[in-house]
Each structure stands twice: as structure tokens, then as C-alpha cells.
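Heads up, the thing below is written out as C-alpha cells.
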Amino acid sequence: MCGLAGEIRFDGERPDIAAVERMTDRLAPRGPDGRGVWSQGPVALGHRRLKIIDLSENGAQPMADPRARITGVFNGCVYNYRELREELRALGHQFFSDSDTEVVLKAYQQWGTDCVQRFYGMFAFAIVELDTGRTVLGRDRLGIKPLYLAQTPDRLRFASSLPALLAAGDVDTSLDPVALHQYFSWHATVAAPHTILNGVRKLPPATVRVVDADGTEHDHLYWQPSYTRRPEHAALSAEDWTDAVLDALRTAVRRRMVADVPVGVLLSGGLDSSLIVALLAEQGQQDLATFSVGFEAEGGEEGDEFHYSDLVARHFDTRHHQLMVPSDRVSGALESAVRAMSEPMMSHDVVAFHLLSEQVAKEVKVVQSGQGADEVFAGYHWYPAMAGAPRQQAAEAYVDTYFDRSHSELAGILQPGFLAERDASADFVRAHMAAPGAETSLDADLRLDTHVMMVDDPVKRVDNMTMDWGLEARVPFLDHELVELAAACPPGLKLADGGKGILKAAGRKVLPAEVVDRPKGYFPVPAIKHMAGPVLQRVRDALTAPEARERGVFRQSYVAELLEAPNAHRTRRGANTLWQVALLEIWLQTHGIR
């Protein structure tokens, strides 16, 4: 829930309140229910509120604790805030609200930066110590909630979205060659701390950053599962593992029902979202609102999975909502989806999520969603190939299987001034794979996908698209205890049954067989995948615009080749290359970057 912003000065000057207000106003879609700005000394904070917990004004932010001499802003939800509040009360703390934000402040007062270890949830926060001038920034374990940073020698600005930082002004908007390399290697993913812009960085997941009054920074990575087998699991059978995963998912789903408003479910009809519905029904949830989206067929490809979502909705007697989007709406919806992107995201289902979120937000403020299951439980088709590589060859197997293109191929796309000197993406993967703590190649692959690739692709996508309509999406498959359990699970159980074997086994205990044994689906948007008329025209306009030619990122001969045959060029993983190239330029132009 919510959006936060702030500025810290290191040069003795007062913060630019007008800039903080511009950032705060740009975050209005994330928090349509309230606005607040606070400043003292060298720090100013801004906040936009989405009322989910404690709907009274007692939960308004920025929130101050006069006794502790701290002030903070918070985005997200701490699902165990009630239990923590009782623990803190027993330690002598007094509360004036029923909000989780106040629990975060009291927890920081009690335990310092170690407070994050006690939070079960998704969050980003900034806490200012008034007496020391120190500011503490924190982000949840899986990076579900974002935190962007723009720093100069004199000041640090931060916000829940990159466009909010742009609204503040004075941002270096030149393109980062390392980020460009990752974007074109990893299906438009850019790993923290980089963003596509040199002047903007993002706080990595599971990180607490302490910023002292003079600008000195100290980072602490507070969580990273080992991805090894644990002695306490040695005697578990496959059935025992299935039961353990199902129980952990039950807990994760139940935690994410904590709210003072109704909670719905985004129901695609696939295994993951269907499991969420099944477990909520099992726990006695009645009149559960579920939501599905579909698109008109294009190029002979179907654009909906309503057969399966309808089946699940009927089976569990949900209050189901179905949205069918005609192809001629996609090009218009594309513009608003791109405006909502903190970073360029090329996956077709960005538009699907944005359109769906618009409709869902008219009914509920909170939904549960199935993102993350494929990374956590090895559901993608490329995992068996990677798993077969010896551990010492895991990095090269990942490069060969996962990357969209090689470094040499990228040299034929980008102009020399925008191409990183080294194979930055492969170097990143090799360093990550060489880190200790992953037992097998698949363990190393899943560690990289879960803690890097997933954070800045599906997780970011869902946050950006839902929060643009003031809709909070909660992701039970990214419950950190469930992720820890999955990381310890034997690779063979995850790879079984064509991928996600252990999750499918859990599904057979609570779902109709037709849902579990169906072919793997996704959110298809055929009008984009097959470059239907209006979308192709938008792509042509972007790539031939004066600002695109002036920017000069791409080799013009390559762009001409793509436009000559819009559907003929594909990445190694099957994505439309023209769309990947054009989306970057569309995003830059939409956000006024020259």
C-alpha cells in the first residue's frame, strides 16, 4: 500500500520541499486516500496513502514517534503486525493507532535495524532519527516493494517509483550501458542497483541502508536462503515434502488476508492462482471475489484462458469477474501501461495486468496473485536443461539457455557508445553462480532467478501495474518462509512432472485434476505478440521519431531490418525483437527522457 518519497541534504542546506511535493504528487495513483509531507532539519519526507489497515487518520503518514524522536514513511504491509504489536506492548511500548506503520516505528525503536528480521511481509521504508540525522532505508526480502534512489554529492532523493524521481527534477537521464546490456540479454530485466538511467539506482532486496548525516552509507544484506539440503529434512519422503509445501502455502495465503478491507484474487486459471483460491475456500472464505482477463485472438493464437478460470470459480463458488479486451483497445491501453512503468518492461502481460487492475480496483483494494511460483518451484521449460549441467558449468549453461542474445549479437544492435565494453550480463551471472551456498546447478539457477531476475521482471511488473490503480497485490508464493522451504527442497521434486512437480502434487490434494494437469499457460496478449496494426504503427512512430534518431541508441540499419519484417525476428527465448527494441524507446519518450 502507498507510495513514499524523500530528500536528505548532506551540505547543510534545507531540503527542497517543492521537489518532495512533486514526487509525492506523482505517486498519487499508489495512494489515492491521503497525502502528507513532513520536514525537519536536512530531511523531508512525502507520502501517499492507500487505506488498507487502520482506515482512520491515526494511520496517516509521515508518522512521528515523539518519544523515540523518529519519523518514518512506509509502503507495503507487515502481515504479522498484530503479533508484533502485542510483543512490543509487553516490552512497554504504547500505541496510538492500529496501523502496521506504527508497529514498524516501534520495532525500529526496540530492535534497531534488526527489526526487519521480525517482519513477515512486503515493505519499503525510510526512518529518520531526529537526534543523529541518520536515515535508515529498508526493503523486503524478495523486493516486492520498490525503492528508487537519485544521489548527488549534496543530497539523496528516494521514491517508490522512478517517474517520481524524474518529477523532482535534476536527474542524470543518460543511459547506463550496463543496464542496456542486461535489458537486451535478460528479457528486459535490469538487476539492482542499476536502472536504465545512470542517475537512478534502486535499493537491492533484503537490504537495509543506513545513511549518516554526512552522506556516508552502510548496507546490510539481512536475508539469503542457502539453497542446500538441510539435515532436519533428511528423512522426509516425497509425500512429506508435498504436505510441508502445502502447509507453508496455507500459512502464506492466510497471512495475506490481513486487512481492514476485502481481499480478492487474480485468477488466471493456472495452477498457482487456482491454489490460492482453493486454500482460501478451504479456510472458510466466503463470497471471495475473483478476477480474470482475456484478449481477442490474433495470428491464430487464442488470447484467454477463461475455460480454466471459470472452472475454478464454479468449483469454489467465487464471485467471479471476467474481462474480455478487444484488440483495438490494446494500443490505447499500452500508453497508460508504459506511463505506469518505473522501468521498461517488455512482457506482453504488462498491458493485461494494467487493464485488469483498472477493473479490479473498482471492486476491491487488495488482491492475492500467483506470481513467483515458477521461479521458486522450477516451473519454466528451460530448467531441466540447466539442471543437467555440472555445478561448475552452471553459469555457462545459464548463459546458453536463458540469455536472449550473445554479447557479439548485441554489438550489432547498439551503437558503439551504448555498448558495455565487457560482457557485463554474463560476468554478473558467473559471479552469482560462483557464490557459495547453492548445492546443484538447479539450486544456483533458482537462486539467481528468485532473488534477481524475478524481482525486476514479474514482481516489479505486478507492483507497477496494480499500484497505478491504487490496488495492492500480495504474492503468497513469495512468503519468505515458503521460499526458504522451497530452496531446501530436493531439485528432483521440483523438476518432476514437467516442472513444479511438488506444487502439482500439492494441487492434486485440493484442486480439480483438470486444472493441475492442464498445459502451462500465461497471460497472452496476441495483439502485441503478433504486432497487430495499431501496435505496429506505435512501434514505427517511436523508432522513427526525431528524439529516437537524436538519441542514437540503435544502429539504423538494424532498426530498418526489424521494421521491414516485424514478426520475423525473435530472441532466443522466442520474444519479438522489434517489440523489445521499440519498448525501450517508447518508455523513454513517454517519460520525457531525451
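Once backbone amide H atoms are built at 1.01 Å from N, Ile144 has Phe123 as its partners under 5 Å, excluding neighbours fewer than 5 places away on the same chain. In summary, the lysines within cross-link reach of Lys520, defined as a Cα separation below 21 angstrom excluding same-chain residues under 8 places away, comprise Lys494, Lys500, Lys504, Lys509, Lys529. Once you reduce region 67-117 and region 131-177 to the center of their Cα atoms, the two points are 24 Å from each other.
Of all DSSP beta bridges in region 197-301, what percent run antiparallel (nearest 5)?
For region 197-301, the DSSP antiparallel bridge percentage is about 75.
Only loop residues by DSSP count here, and only those with at most 16 other Cβ atoms within 10 Å; note down the trypsin sites (Lys or Arg not before Pro) in region 28-123 that meet that.
Sites meeting the loop and neighbour criteria: Arg67, Arg69.
Both numbers refer to the Cα atoms of region 245-397; Rg and Dmax are 17.7, 51 Å. Straight Cα distances below 20 angstrom link Lys365 to the lysines Lys51, Lys145, Lys460, with same-chain residues fewer than 8 positions distant left out. Net charge in the neighbourhood of Met23 (other residues with Cβ under 14 Å of its Cβ; Lys, Arg +1, Asp, Glu -1) is +2.
Extent of region 61-135 along its three principal axes (Cα atoms, max minus min coordinate, largest first): 30, 26, 22 Å. The convex hull of the Cα atoms of region 124-217, projected and averaged over all directions, covers 6.3 nm².
Out of region 139-175, which trypsin sites (Lys or Arg not before Pro) are coil in DSSP terms and have no more than 11 other C-beta atoms within 10 Å?
none
So what is log10(I(q)/I(0)) for region 37-90 at q = 0.15, 0.24 1/Å, when the Debye sum runs over its Cα atoms only? Debye output, listed in q order: -0.53, -1.14.
Spherically averaged projected area of the convex hull of Cα atoms, the chain: 25.3 nm². The slack between Val261 and Thr152, meaning 0.36 nm per residue of separation minus the straight C-alpha distance, is 35.2 nm.
May I ask for the net charge around His407, where only other residues with Cβ less than 15 Å from the Cβ of His407 are counted and Lys, Arg are +1 while Asp, Glu are -1?
Once positives and negatives cancel, what remains is -3.
Here region 412-461 and region 203-259 have alpha carbon centers that stand 20 Å from each other. Sequence-distant contacts, meaning Cα pairs under 8 Å at least 6 residues apart, place the relative contact order of region 171-310 at 13 percent. Per-residue ellipticity at 222 nm computed for the chain from its helices equals -11000 deg cm²/dmol, with DSSP H segments shorter than 4 residues left out and the rest contributing -39,500 (n - 2.57). Between amide H atoms placed 1.01 Å from N, distances below 5 Å from Ser161 occur with Tyr148, all of them 5 or more places distant or on a separate chain. Couplings 3J(HN,Hα) for region 125-132, derived from phi with the Karplus relation 6.51 cos²θ - 1.76 cosθ + 1.60 (θ = phi - 60°), are 8, 9, 10, 10, 8, 5, 7, 9 Hz, where x marks Gly and Pro.
Rounded to the nearest 5, what % of the DSSP beta bridges within the chain are antiparallel ones? About 75 percent, rounded to the nearest 5. So which DSSP H runs in the chain come out at 18 Å plus along the axis (Cα) with average Kyte-Doolittle of at least -0.5? Taking the DSSP H segments of the chain (at least 18 Å long, mean hydropathy at least -0.5), we get 238-255, 327-340, 577-590. The distance separating the Cα centre of region 300-358 from that of region 367-399 comes to 25 Å.
The peptide list 468-478, 56-66, 542-552, put in order of mean Cβ contacts within 10 Å with the highest first, becomes 468-478, 56-66, 542-552. Its relative contact order, with pairs defined as Cα atoms under 8 Å and 6+ residues apart, puts region 1-123 at 23 percent.
Looking at region 13-110, send over the antiparallel percent of its DSSP beta bridges, to the nearest 5. Please report the intermediate quantities before stating the final value.
Numbers: 10 of 11 bridges.
Of the beta bridges lying entirely in region 13-110, close to 90 percent run antiparallel.
Annotation: amide H of Ala289 within the under-5 Å range of Val265, Arg319, sequence separation 5 or more or interchain, hydrogens built in the peptide plane.
Readers should treat all values here as calculations from the given coordinates under stated rules, not as data from a laboratory. Predicted model only: the values in this text are computed from it and were never measured. Glycine also receives a Cβ, built like all others from the backbone with ideal geometry; neighbour counts cover every protein chain displayed.
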